[in-house]
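This report refers to the structure that appears directly beneath it.
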Amino acid sequence: MRKIISLMLFLSTALAIISFKPSPKTIVGHWRITYKSGTIATVDFMADGSFLTKIPSENFAVGGKYKLSKSVLSISDTSCNADYWGTYKIAFHGNDSIYSEVIADTCSGRKAAAHKVTLVRYK
């Protein structure tokens, strides 16, 4: 009887641990950046490796490609030249926000828009 109780306690503990396993973090989804000026930009990262950024107040939209490897986000877009890739170190804060810092980017506009910003997930 004691073995059965011990086994049931072990199984229930193991099941509890497995059920509280955090979900994997993903960049795929809808994100919002609010700049110090009050300007809001949205970024939609799609599962196919493409993204679309919009700044509605400036009537601005630009698309491009991205690659994510661990904490390094590489992006290219049509605003500077699709052949120029920028790399950014990103840090997830939970599943709903990401902090971005430039590693290397020759595109000054993209660099200014993506360096030291926080992206917040929205639905």
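Throughout, read-outs are computed from the coordinates displayed, never taken from laboratory work. Just so it is clear, the model here is predicted, and its values are computed rather than measured. No Cβ is skipped: glycine too gets one built from the backbone with ideal geometry, and neighbour counts run over all protein chains shown.
Annotation: the residues THR118, THR78, sorted from fewest to most other C-beta atoms within 10 Å of their own C-beta, follow the order THR78, THR118. Remark: LYS54, LYS70, LYS25 ranked as LYS70, LYS25, LYS54, counting other beta-carbon atoms within 10 Å and listing the fewest first.
Straight-distance candidates among the lysines for linking to LYS89, with alpha-carbon spacing under 19 Å and chain neighbours fewer than 8 residues away dropped: LYS25, LYS65, LYS67, LYS70, LYS111, LYS116. Counting beta carbons within 10 Å around each of ILE40, ILE27, ILE75 and listing the fewest first gives the order ILE40, ILE27, ILE75.
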